[in-house]
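What follows is a single structure, written as structure tokens, with notes after it.
The values are calculated or read from the model by the stated rules, or taken from the named source; none is laboratory data. Because the structure is a prediction, the values reported are computed rather than measured. Note that each Cβ is placed from the backbone with ideal geometry, even for glycine, and that neighbours are counted across all protein chains shown.
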Amino acid sequence: MAAPVPVPSKIDTSGVDDSHDLSPTSPVDRQRMERMMANRPIASELQNKNILKGRPNDPLAAKRSDLERSMCSDRLDKDIGNRPSVDELVKKGVLHADQVSPHQ
């Protein structure tokens, strides 16, 4: 059996870059942050508003949503590209010649 790894009693953070730390430093800012966090909406509310996609801990939910949207857009582009022209619709009797504007 391996010997247990000793845990330091105090961690030296002097060389750590904490420029990304957004924690409030003043007591007023800390209180404001606490109020905001207490009033934030729960995950189900965000899902109902389509802000949060999928379950809260699903890392692929947003990617899945983006892919579905992209696939839908591609399908619409394909269908629009395949639709008949105005002349074809007139020949088939779907449109009447007097319904077509002259610049089409």
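Among all positions in region 21-30, there is at least one residue which is surrounded by 10 or more Cβ atoms within 10 Å (Cβ to Cβ), over 13 Å from the mean Cα position of the chain (by Cα), assigned to a helix (DSSP H, G or I) and among the basic types (Lys, Arg). On the stretch given as region 53-70, residues that are in a helix (DSSP H, G or I), surrounded by 11 or more Cβ atoms within 10 Å (Cβ to Cβ) and not small (Gly, Ala, Ser) total 5. Conditions first: (1) surrounded by 10 or more Cβ atoms within 10 Å (Cβ to Cβ); (2) modelled with pLDDT of 90 or more; (3) assigned to a loop (DSSP other than H, G, I, E, B). Ser73 passes all but one, so which condition is the exception? Among (1) surrounded by 10 or more Cβ atoms within 10 Å (Cβ to Cβ); (2) modelled with pLDDT of 90 or more; (3) assigned to a loop (DSSP other than H, G, I, E, B), the lone unmet condition for Ser73 is (3).
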